[in-house]
Every structure is written in structure tokens, then in C-alpha cells.
Amino acid sequence: MKKYTDIALNTAKVLGANYCDIRIILTNHESIVTRNGGIGNLDKTESIGFGVRVIVDGAWGFASSSVLSKESIEATTKKAVEIGKASSMVIRKRVKLADEPVYTDKWTTPYLIDPFTIPIKDKLELLYAADEVMRKDNRIKVATGNMDFIREHQWFANTEGSFIEQVLLRSGAGISATAIGEDVQIRSYPTSFGGQYMTLGYEMVESLRLVDSAERVRDEAIALTTADECPPGKRDVILGTGQLGLQIHESVGHATELDRVLGMEANYAGTSFATTEKLHKFRYGSEIVNLVADSTVPTGLATIGYDDDGVRAQRWHIVKNGILNGYHTNRELAHVIGEERSKGCNRADGYDNIPIIRITNLSLMPGSWELDDLIKDTKDGIFMDTNRSWSIDQKRLNFQFGTEIAWEIKNGKKTRLLRNANYQGITPEFWNSCDAICNENYWQLIGVPNCGKGQPGQRAEMSHGCAPARFRNVTVGVGHKGKSATEV
Amino acid sequence: MYSENQIKDIGERILKLSKADETEVLIFANEQALSRFGENEITQNVAKDEIGLTVRIHHNNRVAKVSGNKSDDESLKKMLDNAMEIASLQKEDPNLLPMPEKQTYSAPVNSYFESTAKFNPKDRALAIRKITEMCAEKGLEAAGIFSNGVGAVCIMNSKGVYGFHRGTTANLSVTAIKGNNAGWAEKMVKDVAEIKAEEVAEVAIKKAIDGQNPIDIEPGKYTVILEPAAVTDFLSFMSYLGLGALPYIEKRSYFSDKAGQRVFSDNVTIVDDAYDKRSQGLPFDFEGMPRKRVTLIENGVFKNVVYDRKTAKIAGTETTGHSLPQPNSYGPMPMNLILKSGDKSVDEMIESTEKGLLITHFHYTNVVNPKEMVITGMTRDGVFLVENGKVTKAVKNMRFTESIPNMFNNIEMIGKETILHSAFFGGGFIVPGLKVNNFTFTSKTEF
Ligand SMILES: [Zn+2]
């Protein structure tokens, strides 16, 4: 591939670019969806292409193509330079990249079983077996199973001399059952919206034991259709990992992407309340809240060797003992907060998009509680798990989440099942109300394979590690039977 | 950009090379460019030129689908071999529908404009420079995008289906920011010549300036004047939660078992119409069937959902030509919804309002309850208090939690101006503004 990457780098230099990088990506994707004993979708995709990014006259230009040839690379590089020159008509400051060592390296996701070597037949049989268990009760009207495997083989080269080859492998799988009675209720396993995703091979799918969980998924979906609605009010809430992961994502992850903080996403994804003058000062959460960004944590969806700026993966605190301690950064913006090196968060969706700052694996560090003790310690609360819906304002303050399942906690005991549970809060108030986190035995990484950001829209993936945690005095049951929370 | 002949040639080669009983080729070709700005300067500037091929085969009553972006014979052969292998590894599907025979399509509306296809990075930069200068002059920061592109869709199958459609779109979106508050305006068109950058910027700038020093008000029920962009979220969520045949048949839709019933205010009529001159105009669906004009809601009465061949067979009716690429687990979906416009201007809506809120648009709207079609989202980039027929103050943002039927049951006025709003799978909705009573806000935020 070096002969191809050299073409772009040399062409850009000749055309006057100060910096150029090229990423060539070969992607293999296998997506399997079963639905009610049949095929919902079954698609095997292989695509290749490259993107060339240049800095010319102090401004960015980028162009991409799916035709990998000398002529196409030259033409695409030329187009990137022309676009960069147009950008330079409207700049106030010249782009300057933070220093990073030059690397020649190859990095591969560690895994045991290459999922692309497992016959489709075996995968379908597994999903059909779970499907059959879920549809044994005719109140389940829709049963789905899902597997998703993506291998990205990337070659990155830049004019500073780095040449980095990476093979990233991501696997995902899950099942869900929809029961229809008085109400429509969905229950899924291991998490919602396609299930669990990790940087692992087929061994992850086997470890999930989808068929063994199908009966519980079915029975919970059916039970939910006749469960009481989550009553409105202020309650203590214990969030299971299937919900807490997304809470971290939306209210801490996006809020600490430095490009958002600086207004570069203002027209679309939004900005952030966590502005730079708050760094090392602002109380984001209670003393026990420690949130660590980590692009090196094993099996994390954002676990990589290098980001798409060619920066090596790192680990750092975003929130330390409750105080805002850092941001997600890239080479272009690190200097704005006085840092000399990027944290390595610049990632692109495929070959045809420019890298932008993305949340990496961002996890809540475990506490010391046993879950049973935490429930025993809760007088009047609700345990909610598995995300069903999410919404948050553009500065990442007012959020509202719904969960698939919930149980009322009365005097230290998990009691009645509740349906349509949701909760609403304001980010710092909420994290400051966190008074108990379960220990490392309950800690798990929850994969988010579908994080959207940027224009044109880009998808990225990351994981959020957490153990169940308790939050005091939270607004729950918003919109219950047409009654607004303000009428409580 | 790939020409129709180049795309057709790829499709024909696939059909010739395939050994399957039936073969379908779906090709998307796209040439897109986008300049992005923030803090009054261009921050990102990108272009892509690409093609995507999807081949679906039916062989011995089994289905397989493969995709790729390489079009040389060797790559195509590899794709087809893969497809045959996937098909062979499956159980037989006794309900597999044969692919459709040759179809004829009505003439599409004009959706390709050379002006848009030829618009270049310098043209975008000139417009953005103007916008950033206008904002800087008023002490505001501009952020946004200017994009333009050409997209082509081609569907062919071994039984004679052939459809090709090409369209252009351009979009200018401007957020003008001062401190914690912002104003926003957007113009999406098929012909870039219709975009007047200064006019779009002026609207955003005015909202940003008027939006300063917002007051705190308590959540609760309000009369709202929703600008067209704020109405789009309600149509988008209704399109996929309720108006496709799959949730309808499975009784997961709000409209299930409600045919012929009055569900909305009697001034509400919603059709799906790819042949309206404002629409994107794709005259066929993704299995090659002609797209029909469908009345979904007529004067508040629920009439119909949209079908593909598979759901039509189950329901004992005919397809309306709304299939997504097959096979899929979503079912058919309307892509060209039109909420019939009324005769009121936004000013008339404001003048008629004793107390209410004027809403620019919503942010991060999502589903709370799919069957009841309850959704929640935040206001954004301009909320204004209307008192005694006049806009009086800016108001801090609030969260609504409201059911779509409740919203459409409380419509007092419908606007005459419409916007084109992009929808799933390359569709576009035509949307007017609305004056709605008893609209529910459930919480507030700090800005
Ligand atoms: Zn996200």
C-alpha cells in the first residue's frame, strides 16, 4: 500500500500543501438479522476506498474516492488541495497540529475466533434457536436476532513520516422480543438496539449465551405488558449498566468533546455547558464520581492502536473525584486548553469522511457496594435497566431517558415490575446526587455502536464501563398517562 | 459522477454474470460536497464521489444479499459467488416472493439541476464568507454548513425491471451565536440558485439578537406556533412509528384498527406523493415497483398506510410502491410525506395569539412510547413569548413530552409557507408551520 500512500503525499507536496495524510480502508461487514423465524436482513459487504486530507494555506481540504489507482489518487489529492484553497478564503487562524512522534507500526485487535470464518449457517441456527424460544408464547409478536461483524483494515500515512497499519475487528450480537397486549413492550438482551458490541471475535457471541437468555427475555416482555406504569414523582434511582452506559455517553462523553465545547458543532450536534474555564475547577459530580477515558482498555469499541491523526492510544481522567479534569481532544485543538499533545480522539467513519473528535471508551470507575446491599439500603426507589429512549439538550444539561424495564424498591426490597419507566434531570445535579457505586464484580463495558455526529453525518463506536449506581431524588415517570411532571 | 450508461452497464454485467434463479441489482451513486464553518471560519471542507452496489439473489427459494463498491468483472463475480454461497447455507423460505416483472413508471418531477451539480468549493466559500462577515459585524459567531450534491439510484432485475433516477440537493444551514443563545435558519432545495445566503443568514441573526436575555418560564401546557422545521420531527417519527404497513399489521402502530376513524383535527390532511413538484421525485421503490400517491390522513380521518409487496400480500391488498431495499426488518415507509398547507402566515398566527410560544425547531427528539407515539425533545435556537398578538421576549429552552396524536388533534391554524425537509433513505417531506393548542412542556434547562 505504501506505493499508493506515497502518491498522495508526493502530489500534495508538489501542489503546495504543508501537511497531508491519506487513509486507505478495506472494510468487510457482515450483518445478519432474523425476524420471526425468517431473514430480516442478510448482507455481506466489502468496500475499499481512500480519503486524502491536506492543510494548504493554513486551511483544511479533504476529498475521497472509492477507486484505488494512481490516477484516482492524484486527482483526489488535487481536489483536496483545491478545496483547501477555497477554505483558506474564510479562515481567521491557521491550522497548527500538536506534535506527535513519527510511527511505523502495525496494530491489530486481539481476538480468538475470526467471525468471518464461521459459516452463516451456524450463525443463523443460533439466532433461529433463540427466536424459537422467544416465540413459544404467542403473545410475542416480534422476535428478532442480530449479529454484526466489521473488520476495518486501514493504512495511514502522513507527510511527517508515519506509516501505520491497523486491523480493527468489532463483533455485535443480541436478541429482542416484542409482546403485544394492552400495551406494546420490548425486552432485549444483552442490551437494546442490536445487543452488545465489543472489539472481539466470534468468542464474544458464544459467551453471550443468547439461547439460554431467550426465555427470560420473552417472559419479561410479556410481564411488562400488564405491569403498572412507573408512577411520577421524585425517587431514588438505581441504574443498571444497560442504562448507565448511555447516561455516561450523553451527559459526560459528548459534553467533553473539545470541538463541541469550542462551538464547531454548534449548527448540528450542539455545544457544551462544560466550557474550558471550568477545567480543573467545576464540580461535575460527587466525590465518588471518577470517569476515565481509555482508548487502550481491552475489548472497548474505541480501543485502537492509533487514531486517525496518527496519535497513539491513551488513558486519562475526564472527571476526577467529581471535578472536571480533561477533554476529548485532537491534534488541531489540544493547544486551546494548553496541552502540547493530543489525547488521540480524532476518528473518521470510513474512508470517505474527515476525522473529527469522538468520544473514546469512557467509563465510570467502580465503587465498593454489593448490589444486594445497595438495594437493602434504598427505602423508596426504582431500579431501571436497559435503555429504550434518550434525549438531551444541545448543551448536554437537560436529559430524559426511558428504560425497557424497572422495579420498584420499597424498604430495601425489589418489589413490583414497572413499565414505561423514565427519568429526567440536569447533568451536574444528577452526577452530584450519585452516592453509591457497585464494585468491580458488577462492572462491565457497554458498547455504543451507533454514535452520530458531524456534517455530513458520521457514525462512531465506543464503550462505556460501569457498575450499577444510585442517584438520589430524581424526577421519574415523565408524561405518565398524559400527566406532565409539573402536575405532580 | 457516474453517468446513467456507466451505472446501467454495471447492472447489466451483474445480471449477465449471475447464475441465480432471480437477480436484483440496486445501485446508489453519489457525488457530495460540504463546507462546514464555525467561529466565523471554514473548519472542515470535504468531498466524496462514490458508488454502492447491492445484489440480491433468489436461488432455490433462498435469498442472499451482498454489497460492495468495486465494479470490475472479477469483483462482481466474487460478489455473486458469495451470494450463491450464502443462499446455499440457508433453509428454504416457502413464502419467498418472486421478484417483480418489468414495470412502467410515471414521468418523475424535475429533480436534477445542473446549477447544483456544478456548484464548487469556491462558490460555497464565497457564500460562507458573506455569512461570516454579516455575523461578525453584529458581534455574532456563525456556524453551519453549505452542501451540494448529486445522487443517483438505479434498480434492475433479471425479470426486466429497470428504473433510474437522478436528483440534486443543496442545503445551507446557519446558526448565529451570541453567548449562550443562538438563532438558526436553513434552506434545503433541489436548485441551488434558490438559496439566497444573505436571507438565510438574516433570519438566523435576527433570532440570535432577539434571543438574548431569555426569561425563565415554567413548563406546562402552552399554545405554540411551530415553525415548519419544528413540525418535521412530528412527521418523521410518525412516518416510521405508525404509517408503514409492518407495525400497522402487527398492531404495534397507533393507527392499527383505526381505519376510517377520526384521529386528528379535521384540518389535517397528510399524503405521500413523490409526484408533487416540490418532492424529490423518485418514481419507483427499492424493489422496482411504481410509487403511488397515497392519502394517509384525510381531513383528520385515518385512511391508509403504505405497503410493499410482502406486507401487501399479508394484508390482502396491493403494494403502494413504498418498499425499502429487500429484505429488511422495518417494512415499507413513506418517503415523500406532505402535510397539506393552510392559508396562514406566521405573522397571522402570532397576531391571533393571546399567550403562546413561538418555536424555531427542536433538538434530539426521541420516542418515549412507540404505540402511543409519545415523543420528547428540546427546543433550540430561538423560543419566544407571544403576548397579545406580539412577540415580546425571548424564553429559555424547554423539553416537550407530547403524543403525536395529541399534537395533531389540537391544530388551530396551518401555515401557507412550506419547507422541504430531508427524510430517511433519500426522501423529503413538505412541511408547513402550525399553531397548536395545549402543547405539553415537561421540564426546562439553564439557557
Ligand atoms: Zn453519541
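The values are calculated or read from the model by the stated rules, or taken from the named source; none is laboratory data. Everything quoted here is computed from the prediction, not taken from an experiment. Don't worry about glycine lacking a Cβ; one is built from the backbone with ideal geometry, like all the others, and counts go over all protein chains shown. Just so you know, the surface numbers come from the protein's heavy atoms only, side chains and all, with ligands and any DNA or RNA stripped out. Shrake-Rupley method; radii C 1.70, N 1.55, O 1.52, S 1.80 Å.
Worth pointing out:
- Per residue value of the accessible surface for the range A:229-487 (all protein chains in place, 1.4 Å probe), Å²: 29 Å²
- Peptide B:274-282 - average C-beta neighbours from other chains (10 Å radius): 0
- When +1 charges are put on Lys and Arg Cβ atoms and -1 charges on Asp and Glu Cβ atoms, the dipole computed for chain A relative to its Cα centre reaches about 880 debye.
- Spin-label model, B:ILE314/B:GLU354: points 7 Å from Cα along the beta carbon direction are separated by 4.9 nm.
- If only the Cβ of Lys and Arg carry +1 and only the Cβ of Asp and Glu carry -1, the dipole of the range A:239-310 around its Cα centre is close to 360 debye.
- Span per principal axis, largest first, for the Cα atoms of chain B (Å): 70, 54, 36
- Within straight-line cross-link reach of A:LYS281, aspartates and glutamates at Cα separation under 12 Å, skipping those fewer than 8 residues along the same chain: none
- Taking all protein chains into account, the per residue accessible area for the range B:39-126 stands at 46 Å² (1.4 Å probe).
- Rel. contact order, % - alpha carbon contacts under 8 angstrom, at least six apart, chain B: 15 percent
- Fraction of accessible area attributable to carbon and sulfur, chain B (%, probe 1.4 Å): 47 percent
- The B-A contact accounts for roughly 6800 square angstrom of buried accessible surface, both chains included, probe 1.4 angstrom.
- Overall form of the range B:81-219 per C-alpha gyration tensor (a/c, 1.5; a/b vs b/c): prolate
- Diffusion coefficient, µm² s⁻¹, Stokes-Einstein with Kirkwood Rh over alpha-carbon pairs of the protein assembly as shown at 37 °C and 0.692 mPa s: 115 µm²/s
- For B:ASN299 and B:LYS77, the difference between the fully extended length at 0.36 nm per residue and the C-alpha to C-alpha distance is 74.6 nm.
- Burial order of peptide ranges A:273-281, A:205-213 (average beta-carbon count within 10 Å, highest first): A:205-213, A:273-281
- Those lysines that a straight Cα-Cα span of less than 25 Å connects to B:LYS340, excepting residues fewer than 8 apart in one chain: B:LYS187, B:LYS190, B:LYS258, B:LYS277, B:LYS292, B:LYS303, B:LYS371, B:LYS416, B:LYS435
- Set against the 2.2 N^0.38 Å expectation for a compact globular protein, chain A has a Cα radius of gyration ratio of 1.02.
- Each residue of the range A:21-176 gets 172 Å³ once the volume of the Cα convex hull is shared out per residue.
- Per residue, the range B:130-220 exposes 37 Å² of accessible surface when a 1.4 Å probe is rolled over the protein heavy atoms with every protein chain present.
- Chain A: DSSP helices with Cα axial extent of at least 20 Å and average Kyte-Doolittle hydropathy no lower than -1.0: A:70-87, A:120-134, A:210-225
- Cα-based reach from A:LYS78 at 16 Å (exclusive), listing lysines while leaving out same-chain residues under 8 positions away: A:LYS13, A:LYS70, B:LYS48, B:LYS122
- For the range A:363-488, the tally of Lys pairs with Cα-Cα distances below 13 Å comes to 6, considering only residues 8 or more apart or on different chains.
- Considering only B:HIS421, A:ALA221, B:HIS58, the residue lying farthest towards the positive end of the dipole of the protein assembly as shown is B:HIS421, judged by Cα position with unit charges set on Cβ.
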